[in-house]
Amino acid sequence: MPTFYGTEVTSRLMLGTAQYPSPAILADAFRLSGAGIATVSVRREAGGDQAGQDFWALIRDLGVAVLPNTAGCYSVREAITTAQMARELFDTNWIKLEVIGHADTLQPDPFGLIEAAAQLAGDGFEVFPYCTEDLVLCERLVEVGCKVLMPWGAPIGTGLGLNNIYGLRSLRAHFPDIPLVVDAGLGLPSQAAHAMELGYDAVLLNTAVAKAGDPAAMAQAFGLAVEAGALAARADPMDARDMAAPSTPVFGKAML
Amino acid sequence: MSGPFTIIGGGVCGLAMAAELSSRSAQVTVIDLKSAPGDHACSWWAGGMLAPDCEGVSAEPEIVSQGRKAARWWESQGGTVHHEGTLVVALSRDQSDLATFARRAPTATSLSKTQIADQEPHLAERYSKALFLADEGHLDPRATLTALHARLKQRGVRFGTDIAGRVIDCRGLAARDTLTDLRGVKGEMLVVRCPDITLSRPVRLLHPRFPLYIVPRGDGVFMLGATQIETGERTRATLRSAMELMYAAYALHPAFGEAELLEIGVDARPAFPDNQPRIRRIGDVIYANGLFRHGFLLAPALAQMTADLVLNGKIPEVWYEDHRER
């Protein structure tokens, strides 16, 4: 199982906690999928006096590791303030860092991301940066202290899957020792399995489960797919080829 | 047995409870913070949509089946229900959300541009496709609560401060002191006046980030709702929330850009972890709570089942918990 900042987690599936029909269904989704990490947003829920305590207590009751995030933050300052608040609320140095650069696509702001990651890492945070699959950006994030990378599959909430297989594969090849998590854009379990087959360590998703007709069943499907994909990656898959290769020998035909 | 009963809380839950019990000849006292319905109850800020089919897209089947009783009940208590159905639309780039909604709302029918023009001429200018849920209705929450309060007084329901007889606790989020699994879900809403557009029925705009409903209140006034944030904060409507509601309304129809802003409202809905209500017995007290975003939709069923329980000993078919057995 993947190890993030020295902590081995219990599952390769990480689930967001927003947009479920109810907290009870959210809990079912975690139970049936075996997801090991819950991400939780604190920006809006904190209210004037941390009035989101009731919901956060429900998240803690899930019994999984909590990864607070800075969802909805558009500036470095906002993201850092939110991270500091999250550290206090959840008593963890983990922070999933989102610095959004574009309101329509929710695309990460790579420049703000590096700046915020550097400051937070310097302040003792263990940063999980939500980034694009850009190799140079990822190198910079590692340079400023990130020991996990979370490239997107596709824009948040789109369900488009893995938009740039080449880019994701290239990241895996360049960072063999850094845990890589596909974060955002997944719509189907097969896409999560594909990420695992590329050698990724985990996937993080929210909308695909929360907005399914039966979120708990979809979460379970993702849990199975992630395991299948990881198992396949370990089993050293065959390489694709152009010519048919009969599994039973065929005699009497010309072999080219 | 016909009481006496004391209902604590005069929001939609408490008043519906008082109405149901008093219409079955029980003697009822209501204790509320104030002498008349007002903004101290979160139902004051409600949309007042009686839309079980739309809610069923993401809510449990019990909410749909129990919610279907609401319109008739409110009318039986003298309320005015508009039976105009619900119209559901999505912006052109979110058409997949409309397809998903149609699949999950079996009673929805698809409308063409011409059919939209028959229902809501102003929307036909912008939408060539919509969903229609014919059996849904809506009411004006404030007018309904105020009229029901007056009617209950006429009927002999007392509004006082002294507890007499059996207590039915309908305090909403305030009952968190006893109901530890109750939480608040913050909601913000706007009221605007927009004479440039006419709508006859609630319209829902599906949007991945800023879903919106608009409920016409007559005289060019519209209620725009509502955010849903996991916090128990009952005050402090934020700029971001107001902006999201305004943005969505403007996207629904640009005529809302010239609307006059009349009100920004905020409160927190009481909810249990499964977002379904409960009739919970603790000691001698009955707690009716957790109506979440379904106050006007589910208060009637909750009141009827509670009345059946306290008057006839009939165990409610859903949502009942007897904590004495634990």
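The values are calculated or read from the model by the stated rules, or taken from the named source; none is laboratory data. What you see is a predicted model; the values in this text were computed from it and never measured. Cβ sites come from the backbone with ideal geometry, for glycine too, and all protein chains shown count toward neighbours. We work out accessible area using only protein heavy atoms, side chains counted, and drop any ligands, DNA or RNA first. Shrake-Rupley method; radii C 1.70, N 1.55, O 1.52, S 1.80 Å.
Data table
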| quantity | calculated |
| --- | --- |
| Selection status of residue B:44, at pLDDT 95 or above, of a type in the set (Phe, Trp, Tyr) and buried (at least 23 other Cβ atoms within 10 Å of the Cβ) | no |
| Within the range B:303-322, considering residues that are part of a helix (DSSP H, G or I) and open to solvent by 50 Å² or more (accessible area, probe 1.4 Å), the one nearest to residue B:23 (Cα to Cα) | B:304 |
| Every residue from the range B:81-100 that is part of a loop (DSSP other than H, G, I, E, B) and open to solvent by 40 Å² or more (accessible area, probe 1.4 Å) | B:83, B:84 |
| Output for the range B:276-290, where each listed residue is in a loop (DSSP other than H, G, I, E, B) and open to solvent by 10 Å² or more (accessible area, probe 1.4 Å) | B:276, B:283, B:284 |
| Residues that are open to solvent by less than 40 Å² (accessible area, probe 1.4 Å), in contact with a strand residue (DSSP E or B) (Cβ under 9 Å, 6 or more places away or on another chain) and part of a loop (DSSP other than H, G, I, E, B), drawn from the range B:10-39 | B:10, B:26 |
| Filter pass, residue B:296 being in a helix (DSSP H, G or I) and at pLDDT 95 or above | yes |
| Matching option when the condition is touching a Phe, Trp or Tyr at 6+ places or on another chain (Cβ under 9 Å), within 29 Å of residue B:264 (Cα to Cα) and among the polar types (S, T, N, Q), among B:178, B:144 | B:144 |
| Residue in the range B:59-80 that is part of a loop (DSSP other than H, G, I, E, B), surrounded by fewer than 20 Cβ atoms within 10 Å (Cβ to Cβ) and within 14 Å of chain A (Cβ to nearest Cβ) present | yes |
| Filtered residue count, the range B:259-269, keeping only those that are away from chain A (no Cβ under 11 Å) and open to solvent by less than 40 Å² (accessible area, probe 1.4 Å) | 4 |
| Meets criteria (on the phi < 0 side of the Ramachandran plot and within 14 Å of another protein chain (Cβ to nearest Cβ)) for residue A:32 | no |
| Subset of the range A:117-136 [closer than 24 Å to residue A:158 by Cβ and open to solvent by less than 10 Å² (accessible area, probe 1.4 Å)] | A:128, A:129, A:130, A:131 |
| Filter result for the condition that a residue is of a type outside the set (Lys, Arg) and open to solvent by less than 40 Å² (accessible area, probe 1.4 Å), over B:237, B:226 | B:226 |
| Residue check, residue B:272 within 14 Å of chain A (Cβ to nearest Cβ) and of a type in the set (Phe, Trp, Tyr) | yes |
| Any pair with Cβ under 9 angstrom, 6 or more apart, that starts in the range A:1-28 at a residue that is within 14 Å of chain B (Cβ to nearest Cβ) and closer than 22 Å to residue A:191 by Cβ and ends at one that is basic (Lys, Arg) and open to solvent by 30 Å² or more (accessible area, probe 1.4 Å) | A:19/A:211; A:20/A:211 |
| Residue satisfying all of: in the range A:35-61; more than 9 Å from chain B (Cβ to nearest Cβ) and open to solvent by 40 Å² or more (accessible area, probe 1.4 Å); modelled with the lowest pLDDT among these | A:43 |
